[in-house]
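Working notes, structure below.
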Amino acid sequence: MFRSLGMRGIWRTEKDPPKIRLIDALLATLLALSELLLQRKYCPLEVAADWSTQTASRKLWCEIPSVTIMAAVCRNTFPCWSRRLQTSLCINYNSLQRASSLAQTPGNQRGPQRGRRRRDDGPASPSRRPMVPRAARMAEDQDWPSVWPTAATFKPSAVPLPVRMGFPLNRGVQPDKIGNNELRKIPNFLHLTPVAVKRHCEVLKQFCTDWPAALETDESCEEHFPLEVITTDYVLSGPSLRHPEARIVTLKLKLSQLELDDHARKKLLKLVGDRYDKETDTLTITADGCPHRKQNYDYTQYLLTVLYLEAWKTEPWEASITPEDRDEFLWEGSPSEQNIVSTIKAIQEAEKGSSDVTQDEIVQNPDVQLYKQAVVNQKNQGEGSEQVQGYKDSVKRLLGLN
Amino acid sequence: MWFQVPISHCESKMAAPMARIPSCAELLRVLVSHRAPSRLLHATAACQKAQAGKYKISKDGNKPLTYEMANPPHFIGVRKSWNSWHTSNLWEQPGAADRTFEDMFVRKFLQGTFHNCLADEIIIKRRHNTVYVAILLLRKLDPQKYYFLLGYTETLLSHFLKCVVKLEVSVVPRKVVYKYI
C-alpha cells in the first residue's frame, strides 16, 4: 500500500521532513484509514504485513488491531510521509488489492530480503498499475451464465471466488488464484452451474417429443425392437474425427424372438457356436472386418439373414443322423422308450392275461411322461444327486412301489 | 553390481611381449596407471540419482521458483497436473505420439513468439478438433503488439495443425513466485 502511494520515494528522497502538528496528522490519518478499512471490508493485517516486511518485524504487527496499527504507523513514520496525508484519503481499492496480493504470496519470503535482487523478481516499483480486476467490480446478483457461458480456462480476474490450489509450503498457504497455473490446467465446470443447465434444458425442450406410451417398460421395448445394434462413437481430440474402434458393430438378438422350429433352432446353434449365450438366450454377432461402420452393419444383417435361412434348410445328409451325432439325448425312439413300453405291456399281460393298449397310450401316461423327463434330465444335465433322485422317484411311481 | 576384470594380473604375464611394441606399451601404461588400474563393467541399471527437473540451490537462497519449477516431474499427478490435456493420453487410445509432437511444436512456436513474455509453462488442451492454448503473459510488451502476436499465433498454428487453435491468455505483472531456493 505504501509503495503504491509513493511513500517509499519520499522516504528515500526527503532529507528534511517538514514540521506539522503531530496530533492533527495523527487524528486525520486515523479517521481516514479506519473509515476506509471499514468501508472496504479490508483486512488490516495484510496492510500491516506488507508494510512491515519492508521495515520492521512482521509478527509484531500482525497481532495489533487495525486502529492501533495505523496509529503506530503514523507515529513511526510521521516525519517522512505527513506531507502526503491528503493522498492517503484517495487510496483506492486498486492499491489495496495490490497490497493484499503482495502480502498474500505464499511460502518463504526471504528471497527479496536476502542477497541481491534477482531479475526474475520483477521491477521493484512497477510504473504501470494493474486495473481493478473484473471480479472486484462484479455485482452479487449478476447473471453468472452470461459471464461464463462456455467451457473456458480458469481466469482469475473473472471469477469472484477466493479459490486456491496447490501444495502449501511449510508454514505457508496454498497459492492463490492469481497467476496460478494449476487452476488453469484443470477442466472447470464454471459454465455448468445449475442455472445454466436448467436454461439449456429449457431451450432443448422444444426439440423433444414425448416417449412412446407403448414402450414404457423394457420388456415392451424388447418385444417391439428385438434387434439391438451396438456401435461406439468416440469423441477424440485431434485433427481427424475417425477412430479405428468406431467401425465395430455388434448385433444382439434374443433367439426366442426368431421363428424357429426344433430342427432349425438346433442347426442355428450349431452354426453360431459360442456366439450364443445360453444363460440369457442371446445371439451376439460382431463384425469388425470392414473399415467402415456401414459395411460392418450390412455384414451383420447379411450374416443374420443367412443364418436364419440356413437353419430352416434341411439337407439330404441330415437324414442320416444317428443318436451318437446328436448333442442331446432324445427319448423318442430310444431304447429307453422301447424298454418301458415292453415292460408296461409285460406287467399288464401278467395282471390281466392280455394287453390291448397301444404304444401311444403308454407313452401319454403321466407316469411314463415323468419317467421320460427324469431320463432326459439325467442324460442331458449329468448325473447329479437331484437327477438321480428324480429318476428313482419316477421309477418307483411307475412300478407302484410308493 | 561391478565386475572387476583384473587387468593388472593379466598384465604381469602379458606385458613383457606386448610392451615391446610402442603403441601397446603406451596403452599398457595407461591401463596400469593409478587412474585405470582395472576395467569395470557395469552390468546393472545406472545408479538412480534423480536429478531431472530439480533446480540448483542458490548461494543466497534468493532464486525464485514458480510452482511448476518447484515441483519436480515425479510430482506430476500428485502436486501438479499435466501440461497437455487430450484424449490420446487416455489408456489404449491412439495418436499419443502425434499429439505430443504437435504439442512440442506449439510450445516451441510460442516460446519463440512470446520470447521473455511467458510467466509460466504453456498449457495445451484439446476439445474435439479445437486446440486451446492457455498462456500466462507478462506485461512486457504493448497491448497492441500482444494483440497482433495473439492473432498471428492463432492463425499460423491453425494452419499448421489443421485444427482451430485458440489462445486463452491471462496476464500477470510478474512471475508468480512460489518459493525461493
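The values are calculated or read from the model by the stated rules, or taken from the named source; none is laboratory data. None of the values given here were measured: they were computed from a predicted structure. Note: ideal-geometry Cβ built from the backbone for every residue, glycine included; neighbour counts use all protein chains shown.
Points worth noting:
- Qualifying residues in segment A:175-187 (those that are assigned to a loop (DSSP other than H, G, I, E, B) and buried (at least 16 other Cβ atoms within 10 Å of the Cβ)) - the one farthest from the other protein chains (Cβ to nearest Cβ): A:Lys177
- Taking residues in segment B:138-158 that are surrounded by 14 or more Cβ atoms within 10 Å (Cβ to Cβ), and partners anywhere that are in a helix (DSSP H, G or I), the pairs with Cβ atoms closer than 6 Å and at least 6 places apart or on different chains are B:Leu149/B:Thr113; B:Thr153/B:Thr113.
- Residues that are more than 9 Å from chain A (Cβ to nearest Cβ), over 20 Å from B:Ser158 (Cβ atoms) and surrounded by 15 or more Cβ atoms within 10 Å (Cβ to Cβ) within segment B:74-89 comprise just one, B:Asn89.
- Set A:Thr250, A:Thr300, A:Thr305: member being modelled with pLDDT of 90 or more, exposed (fewer than 15 other Cβ atoms within 10 Å of the Cβ) and among the β-branched types (Val, Ile, Thr): A:Thr305
- Checked against (1) under 21 Å from A:Arg134 (Cα atoms); (2) over 24 Å from the mean Cα position of the chain (by Cα); (3) outside any helix (DSSP H, G or I), A:Ser157 passes all but condition (3).
- Residue within segment A:361-383 that is surrounded by fewer than 11 Cβ atoms within 10 Å (Cβ to Cβ) and among the charged types (D, E, K, R) present: no
- Condition met for B:Gly61 (on the phi > 0 side of the Ramachandran plot, within 11 Å of chain A (Cβ to nearest Cβ), of a type outside the set (S, T, N, Q) and surrounded by fewer than 16 Cβ atoms within 10 Å (Cβ to Cβ)): yes
- Any hit, segment A:188-209, residues being within 14 Å of another protein chain (Cβ to nearest Cβ), closer than 27 Å to A:Val163 by Cα, without any contact (Cβ under 8 Å) to a residue 40 or more places away in the chain and touching a Ser or Thr at 6+ places or on another chain (Cβ under 9 Å): yes
- Screening B:Glu92, B:Glu102 for residues that are in a loop (DSSP other than H, G, I, E, B), at pLDDT 70 or above and either within 13 Å of chain A (Cβ to nearest Cβ) or surrounded by 13 or more Cβ atoms within 10 Å (Cβ to Cβ) (or both) leaves exactly one candidate, B:Glu92.
- Residues of segment A:160-174 that turn out to be surrounded by 12 or more Cβ atoms within 10 Å (Cβ to Cβ), in a loop (DSSP other than H, G, I, E, B) and of a type outside the set (Phe, Trp, Tyr), as a count: 9
- Cβ separations smaller than 6 Å between residues 6+ apart or across chains give the following pairs from segment A:261-273 residues that are in contact (Cβ under 8 Å) with a residue 40 or more places away in the chain to residues that are loosely packed, with under 15 Cβ neighbours inside 10 Å: A:Ala264/A:Trp312.
- Answer from A:Ala350, A:Ala374 - the residue that is modelled with pLDDT under 90, among the small types (Gly, Ala, Ser) and part of a helix (DSSP H, G or I): A:Ala350
- When the residues of segment A:218-245 are filtered to those that are in contact with an Asp or Glu (Cβ under 9 Å, 6 or more places away or on another chain) and over 30 Å from B:Arg126 (Cβ atoms), the one that is nearest to the other protein chains (Cβ to nearest Cβ) is A:Glu228.
- Of the residues A:Tyr302, A:Tyr297, the single one that is aromatic (Phe, Trp, Tyr), without any contact (Cβ under 8 Å) to a residue 24 or more places away in the chain and in a helix (DSSP H, G or I) is A:Tyr302.
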